[in-house]
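Student: Structure provided below as structure tokens; questions to follow.
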Amino acid sequence: MSEKNKEQVIVRFPPSPTGYLHIGGARTAIFNWLFARKHGGKFILRIEDTDVERSTKESIEGIIDGLTWLGIDWDEGPYFQSEFAHEHKAAAERLLKEGKAYKCFCTKEELEAKRKKALSEKRDIKYDGTCRRLSPEEIAEKERQGIPYVIRFKVPEREGKIGYDDKVLGRIEKDYSEIEDFVIVRSNGRPLYLLCNVVDDIRDRITHIIRGQDHMTNTIKQILLYEALGAKPPVFAHMPLTLDLQKRKISKRTHGEVVSVQWYRKMGFIPWALVNYLVLLGWNPGTDQEIFTKEELIQAFSLERINKANSIFNYRKGDPKFFTDPKAISINAWWLRHLPIEEIAEMIKEDFKKEGIWDEAYEGEKREWFLSTLDLIRSRFHTLRDFARLGRAYFADDFEIEQKALKKNMLKHPELKELLPRLGEALEKVEPWNLETTEDAVRAFASEAGVKPGIIINGMRTVITGQLKGPGIFDVMVAIGKERVIRRLKDSPRLFEGTKP
Ligand code: GLU
């Protein structure tokens, strides 16, 4: 086919708004979005809100917020499935009229009894087709009596198999004889997901359905519906499930907030870093590359490289060191170190405000200092929150001293109680205050005092940053500034209070 005649790619993300945006759902959205972007296609957001009891406004907002935060933009929608109820009903009516579906009056009790009997006789438990064989008179009579009914799809009586070529899994087939006459409309008149979804996909001219393997039980039935409704089925690509280390499906119930996109936002993730991580959770580029820009990912993405095997979400609940999969953290840390510092500055602004350490001058006369300080401290950080927490000493005077640093660098060296304030005094003479002058002054002081420079430097780091580790100490001194450094050194004896001399 020439490029011109090629059908435009149209994909969709149709979440059911019954909870927060799950990282598994986000991954589905991302794969569809990447595929659309790669092929110059269209990505539609469609909210499947027909389950009125379980759908909530908060969930819809959460999904939209989550996608927006991730930077996953859609070209059409959000459409709401509930607005097309008349089309779903009309499709069911049409199937009935064309003899491709039938009314089933079997009661729950009857069905249950048949199921049990079939089980005990070790027969297939699928619906036995009783109502498929009702005569028009019998149907009319039951309707006259007001017996409730569901509508079942009439699976064609054909020999052999029906199937499709899954873009990820290859050929998938099923024997016609194994497919039961499935319900498409409930007894309360409401069409089921299986049918609504197909009607919507036909209307939206969806060309590719990229969704989780958990939907594979629906696919063959849906292909039958396409055929019955006279439409060409789209291409299917079923993505692997995401399991935890114990091979359980990840869910909020079992794993808590760590599976919701909002959590990553709260924990200081860079949106693109989460996208980058989620894509690798189920897709591989065929190389070792792990870090992808948006353009690189769009370029590299293909359905064929979606993994067949389940993905492992490597998260150990309760491990205090890792609040999520360590790989997600390391990808985030990479982006934290490599994005233009102006972008990082924008991303941490709200957090600084929340923590009470924002200064309007950071966007005015202190801009240069602010950006260079963020740039200096980011190399050891893992999340955006680290700037306001681990880096607080650069922006405020009320910061905490890390216990480990206090013990190791201060309390083990009681001589510092007297030396650090003296160093503070000695530094008053340093002018100008730069990398060379501060280094010279500190080394001269250590040598005069007859202590190893390392002891002074570690003590000073603890006192002026509160941290055990950090960037080069003279860079730190310059960033924090003369006045603050001296004040903190002079104040430092209080840290020994309550400890033995
Ligand atoms: N509403 C379904 C879900 O959230 C959509 C399934 C599909 O992609 O067809 O799982």
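Student: Sticking with the crude label model, points 7 Å out along Cα→Cβ, report the distance from Lys407 to Leu134 in nm, one decimal please.
Tutor: 7.7
Student: Let me spell out the model: positive unit charges on the Cβ of Lys and Arg, negative unit charges on the Cβ of Asp and Glu, origin at the Cα centre of segment 325-450. What dipole size does that give, in debye rounded to 20?
Tutor: Values: 20 positive and 27 negative charges, 162 e Å.
Dipole of segment 325-450, to the nearest 20 debye: 780 debye.
Student: How far is it, in nm, from the label point at Lys366 to the one at Arg422 when both lie 7 Å from their Cα along the line to the Cβ?
Tutor: Each label point is offset 7 Å from its Cα along the Cβ direction, giving 3.4 nm.
Student: While we're looking at this one, here's another question. Any chance you could run the full-extension gain for Met216 through Asp440? It's 0.36 nm times the residue separation minus the Cα-Cα distance, nm to one decimal. Could you put the intermediate results ahead of the total?
Tutor: Details: separation 224, 0.36 × 224 = 80.64 nm, distance 6.96 nm.
73.7 nm is the gain from fully extending Met216 to Asp440.
Student: Quote the charge dipole size of segment 1-51 about the Cα centre in Debye, to the nearest 20; the model charges only the Cβ of Lys and Arg (+1) and of Asp and Glu (-1).
Tutor: On the way: 8 positive and 5 negative charges, 69 e Å.
The calculation lands at about 340 debye.
Student: Using 1/(1 + (r/R0)^6) with R0 = 41 angstrom and r between the beta carbons of Arg115 and Glu257, what's the FRET efficiency to the nearest 0.05?
Tutor: Values: r = 39 Å, r/R0 = 0.96.
E(calc), rounded to 0.05, equals 0.55.
Student: Which FRET efficiency value, to the nearest 0.05, is calculated for Glu448 and Lys321 with the Förster distance at 41 angstrom and r the Cβ-Cβ distance? Show your work: numbers first, answer last.
Tutor: Working: r = 41 Å, r/R0 = 1.00.
Calculated transfer efficiency: 0.50.
Student: So how far apart, in nm, are the two label points at Asp51 and Glu227 if each is 7 Å from Cα heading toward Cβ?
Tutor: With each label point 7 Å from Cα toward Cβ, the separation is 2.9 nm.
Student: For segment 314-403, run through the trypsin sites (Lys or Arg not before Pro) and keep only the ones in DSSP coil with at most 15 other Cβ atoms within 10 Å of their Cβ.
Tutor: Numbers: sites: Arg316, Lys317, Lys321, Lys327, Arg337, Lys349, Lys353, Lys354, Lys366, Arg367, Arg378, Arg380, Arg385, Arg389, Arg392; in loops: Arg316, Lys317, Lys321, Lys366.
Those satisfying the criteria are Arg316, Lys317, Lys321, Lys366.
Student: Once the dipole of segment 229-332 is set up with Lys and Arg at +1 and Asp and Glu at -1 on Cβ about the Cα centre, which of Ser260, Leu303, Leu274 lies farthest towards its positive end?
Tutor: Farthest along the dipole direction, towards plus: Ser260.
Student: Positive end of the charge dipole of the chain (Lys, Arg +1 and Asp, Glu -1 on Cβ, about the Cα centre): tell me which of Gly25, Ile401, Pro414 has its Cα farthest that way.
Tutor: In the chain, that residue is Gly25.
Student: How much net charge surrounds Pro148 when only other residues with a Cβ under 15 Å from its Cβ are counted (Lys, Arg +1; Asp, Glu -1)? Intermediate results must be reported in sequence, preceding the final value.
Tutor: Working: positive: Lys103, Lys108, Lys142, Arg144, Arg152, Arg186, Arg190; negative: Glu109, Glu110, Glu141, Glu143.
For residues surrounding Pro148, the net value is +3.
Student: Given the DSSP H assignment, sum -39500 (n - 2.57) over each helix run of at least 4 residues in the chain and divide by its residue total; what's the result at 222 nm in deg cm²/dmol, nearest 500?
Tutor: Numbers: 20 runs with 217 residues, N = 501.
Computed ellipticity for the chain at 222 nm equals -13000 deg cm²/dmol.
Student: Then there's this: Which one, Gly454, Ile464, Leu495, projects farthest toward the positive side of the charge dipole computed for segment 412-501 from Cβ point charges (K/R +1, D/E -1)?
Tutor: Leu495
Student: Say the cut-off is 27 Å between C-alpha atoms; which of Lys100/Lys126; Lys221/Lys252; Lys103/Lys252 go over it? Write down the numbers at each step before the final one.
Tutor: Working: Lys100/Lys126 18 Å; Lys221/Lys252 29 Å; Lys103/Lys252 39 Å.
Correct reply: Lys221/Lys252; Lys103/Lys252.
Student: Another one. What's the FRET efficiency of Ser177 with Glu141 using the Cβ-Cβ distance as r and R₀ = 30 Å, to the nearest 0.05? Numbers along the way, then the final one.
Tutor: On the way: r = 31 Å, r/R0 = 1.02.
Working from the Cβ atoms, E equals 0.45.
FYI, it's all coordinate maths here, none of it is from the lab. Just so you know, these numbers come straight off a predicted model, no measurement behind them. Reconstructed Cβ throughout: ideal geometry from the backbone, glycine too, with neighbour counts over all protein chains shown.
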